Each structure stands twice: as C-alpha cells, then as structure tokens.
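The values are calculated or read from the model by the stated rules, or taken from the named source; none is laboratory data. Bear in mind that the values here come from a model prediction, so they are computed numbers and not experimental data. A quick note on method: Cβ atoms are made from the backbone with ideal geometry, for glycine too, and the neighbour counts reach across all protein chains shown. Side chains are part of the model used for accessible areas, which takes the heavy atoms of the whole protein and leaves out ligands, DNA and RNA. Shrake-Rupley method; radii C 1.70, N 1.55, O 1.52, S 1.80 Å.
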Amino acid sequence: MTENYQTDLDRYKKLLEISRDLAGTIELDALLNRITLAAKEITDSEAASILLYDPYEKKMFFQNATNMDPLLQGIQVPMDSIAGWILQHRRPVILDDASQDERHFGSVSKKVNVHTRSLLGVPLISKGEVIGVLESINKRDGKYSPGDEELMLVLGAQAAVAIENSRLFYQSDHIYEFVHELRTPLAAITTATYLLMRSEIGAAQGQKIISNINTETKRLSELATSFLDLARLQSGRTRYQKSSFEIAPLLEECKFSLQPKALEAKVEILIKAKKNLPPIIADRDKIKQVIINLVSNAIKYNRENGKVTIEVTLDKDLWKFQVTDNGLGIPKAAIPNLFKKFYRVGGTEQKISGTGLGLSICKEIVQGHGGAVEIESRVNVGTKFRFTIPLPNNEPKDE
Ligand SMILES: Nc1ncnc2c1ncn2[C@@H]1O[C@H](COP(=O)(O)OP(=O)(O)OP(=O)(O)O)[C@@H](O)[C@H]1O
Ligand SMILES: [Mg+2]
C-alpha cells in the first residue's frame, strides 16, 4: 500500500513537471514529442502516439510517436479504428489485447514493428472540441489500471490545451499579416473598377484596366494559396506523407512543368543526377514543391539565354540538392531577408510578379524534413540555392 502510494505520488509529481513543460512549449513538433514521451513514461509503456483530427477534412492522421517511423507520419487512420472510436465517443479505452479487437488498425503497428498488445487511449479535448487521441501501448508490467487512465486523462487535457495554444499562437500572427498583404492588390482593383465606371474612359483604355484587374485578382489568388500553404506548414497542420521514390523522374517532372515558362524566358533547364542513386524517403509532393519554387525563381530572375541547373547527389547520409542559375543574382545585404515572409528584393518586384512567399515555403518544407537551406549569390553572376534532406534515421531530433 505504502509503496503504491509512493509510486502514485511520484507519477503525479512527474505529471506536474510535464504540465509546466508543456505550457512553455509553443513549437508544435517539439510539443508533440514531449507529450508522447510523457505518456510513455507516466504509464510505463513501450511506446505512445498522438493522432490529430483535421476538422476541415474530417479525417484523423497519425502525427507523432515515441518510436516514430518517418513513413508513418501523416498516414490517415480510419474512423472505425480504436482511435476513431475514442475520438467519436470521447471516451477513454483500455484493452488488454488490442490485436484481438476488431477495430484494431494493423497498418500502424505493422509499420512501426511494434506488436500492439495492451492499449490505453484517451481523447484530447480542448474547449469542448475533440482534437485528437493520445495512446500508450504495451504496458511493461501487467495491465493498464484505472490509475493509468486517470493520469492519461489529466495529461490529455493539458496536452490538448497546449496544442490549441500553439496553433492559435501561429494563427493570430498569420491573420494580421495576411490582411495587411491583401490591401495592396485590393486597392489596385478598387482603383481600376472606379476608373472603369467613369464614362470618359475609351475602349482601349478600358481593356488595359480590365487586364490590370485580371493580373491583380490572379495575384490575390496566388497569395491566398501560398499563404494558406505557409500557414499550414508553420502551424504544424501539414502532414508530411513520406514515401520512398526515385529522384530522377521527379526532376524530369519539375523540368517538364516549368518548360513553357523557361521557353518563354529563353532559359535552358539542365538536370544533373547520377544514374544509380537509391530511392529517397520524403514527402514527394512537398519536395517537388520546393524544387519547382527554386527552379521557377531561377527562371524568373534570369536573363535571355540563361541556364538553370538542377543537381542532386547523395553524400553519405545526406541528400544534397542544388539549383544554380546565371541570372540577376542577389545583393549580399538582401540575403538574410530572403526567407522572411513577403520579402522581395527591391528593383525586381516591379517587373517580375511574385508573392514573396515561395522561399519561406521551401524553408519550412526542408526544415520539416530535418534539412537545411543555403544560398550563395553574386549580383549579375548568378545564384546557387542548396538544400539538404537527411536520410530518415539521421534527422536531428528536437533537443
Ligand atoms: N534565383 C534567384 N535569383 C535572383 N533573385 C532571386 C532568386 N530567387 C529568389 N530571388 C529573390 O528573392 C525574392 C523572394 O523569392 P520568393 O521565391 O520567396 O518570392 P517570389 O519569387 O517573389 O514570389 P513567389 O515565389 O511566391 O511567387 C524574390 O522576389 C527575388 O527578389
Ligand atoms: Mg519564388
């Protein structure tokens, strides 16, 4: 009895320590790492995981685990799984043998090489909304007890609040910036329509104004798309759907989709990649987005008869990508600002259209894969953008 009391007290102390820690963590990935680690420790389990619910898509996704396999992050978990049941019923579940339960979603355990025996899952509820599920699996010694359930419920409640806080923190910043950026194109459209309404405007002038409206609405739409992308990336709502794929066809695809732009700008795109590279593990669409962004910049900020080279190598445990152009170059003083939202180098922004979000998106995606971005540039000589993607096991962990 005394011994039990002592361990319970220890576990509550630990929980108190964790709650302080959670309240002070704002970055979502770091937060999720802490929550799963805490769940594993306080319930003395082999592993723990978090699944988050996306209310817009009405789907649930595997988000983080103490033994996270990169191929698992972002996989969708069906609603008729155990976690789906917890989410919909908003009730905790204790199972002594989860693999025997008809709701068991085998795909996750197969991929993590963890055979799920016992399971304790609780809903994550913040302000009355269920935002996900926290699960501990395989109690080391015996079965999960009502005491474990109680601890997980307390941890779950604190985790849910911390997750919501982290999301709100990033959102508030975004809304302000977005509204600010909307003003310029909106003002241009308002002025144009005002001019159009005046009777003395001739047909030719009218056409020109309409074409301006068209450009500005396109810009608004691009801004909205890019902004949403970036906001999702920064708030941690983006799920990297990692798979194993060949890099050469991806480079060809990027070249193919940018070829019309390149032809128009009279710029040539070259690909340099060794023949026998092994497949890479990453989110294919997102890596494509990064390459497209960089190559599209290299075309846009180039000159007639310019060249753009895309190179990929695998150097020990690091994939190295490089996009080189011999275009306008970037002044040294501007380089530290390139990854700031909406930043565009003075002088080019009038002539060449863009939102100034492309590079911020690239950086988020690369960092989301545990890699880094680097720039080297000389005005009137050209620019080299490099980024790395580490092999999955070598991703730096948070702390
Ligand atoms: N290869 C490059 N050569 C010269 N300048 C570049 C190059 N890439 C980017 N820049 C400069 O960096 C700025 C920011 O690039 P970024 O891709 O973030 O935005 P953008 O191209 O202006 O807009 P978007 O990519 O959202 O359409 C650009 O406006 C441009 O001034
Ligand atoms: Mg760009």
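Measure nothing but the geometry: give the 0 to 90° angle between the long axis through the Cα atoms of 358-368 and the longest principal axis through the Cα atoms of the chain, rounded to 10°.
20 degrees
Check G306: other-chain or 5+ apart residues with amide H under 5 Å from its amide H, H built from backbone geometry?
E268
Per the Kirkwood definition applied to all pairs of different Cα atoms, how many angstroms is the hydrodynamic radius of the chain? Present the calculation step by step, with values, prior to reporting the outcome.
Working: mean 1/r = 0.0417 Å⁻¹.
After inverting the pairwise mean of 1/r, the radius is 24.0 Å.
Please figure out what share of the DSSP beta bridges in segment 227-360 is antiparallel and state it in percent, rounded to the nearest 5. Mind showing how you got there, number by number?
Values: 12 of 19 bridges.
Among the beta bridges of segment 227-360, antiparallel pairing accounts for roughly 65 percent.
Got the relative contact order for the chain handy, in percent, Cα pairs under 8 Å and 6 or more residues apart?
Details: 657 pairs, mean separation 48.3, N = 399.
The value is 12 percent.
Quick check on packing: order 362-369, 300-307 by the mean number of other C-beta atoms within 10 Å, highest mean leading.
On the way: 362-369: 20.9, 300-307: 16.0.
Ranking the peptides 362-369, 300-307 by packing returns 362-369, 300-307.
Place the peptides 32-43, 174-185 in order of packing, highest mean first, counting for every residue the other Cβ atoms within 10 Å and averaging per peptide. Present the calculation step by step, with values, prior to reporting the outcome.
Numbers: 32-43: 22.8, 174-185: 13.7.
Result, highest mean first: 32-43, 174-185.
Expressed as cubic angstrom per residue, what is the convex hull volume of the alpha carbon set of segment 240-399?
Details: hull volume 18.9 nm³, N = 160.
Hull volume over Cα atoms, normalised by residue count, gives 118 Å³.
Anyone know which of G327, G371, G142 comes out most mobile in the 10 Å Cα GNM of the chain?
G142
Just to confirm the number: angle between the C-alpha axis of helix 146-197 and the first principal axis of the chain, 0 to 90 degrees, nearest 10?
With both axes taken from Cα atoms, the answer is about 20 degrees.
If you roll a 1.4 angstrom probe over the protein chains with everything in place, what fraction of the accessible area of the chain belongs to carbon and sulfur, to the nearest %?
On the chain, the fraction of accessible area on carbon and sulfur atoms equals 53 percent.
Reachable lysines from K255, Cα under 20 Å, same-chain residues fewer than 8 places away excluded?
K266, K272, K274, K275, K286, K288, K300, K307, K320, K384
Subtracting the Cα-Cα distance from 0.36 nm times the residue separation, let me have the gained length for K275 to A248 in nm, one decimal.
Working: separation 27, 0.36 × 27 = 9.72 nm, distance 0.80 nm.
That works out to 8.9 nm of additional length.
Report the relative contact order of segment 245-290, percent, no decimals, based on alpha-carbon pairs under 8 angstrom and at least 6 residues apart. Intermediate values should be presented prior to the final figure.
Values: 22 pairs, mean separation 28.0, N = 46.
Relative contact order of segment 245-290: 61 percent.
How high is the FRET efficiency between R20 and S99 when r is their beta carbon distance and R₀ equals 25 Å, given to the nearest 0.05?
On the way: r = 36 Å, r/R0 = 1.45.
The calculated FRET efficiency here is 0.10.
Relative contact order, percent, of segment 240-399 when contacts are C-alpha pairs under 8 Å separated by at least 6 residues?
Working: 283 pairs, mean separation 36.4, N = 160.
23 percent.
Scaled to the compact-protein estimate 2.2 N^0.38 Å, what is the alpha-carbon radius of gyration of segment 2-166, rounded to two decimal places?
0.96
Helix 203-235: angle to the longest alpha-carbon principal axis of the chain, degrees 0 to 90, nearest 10?
Between helix and principal axis, roughly 30 degrees.
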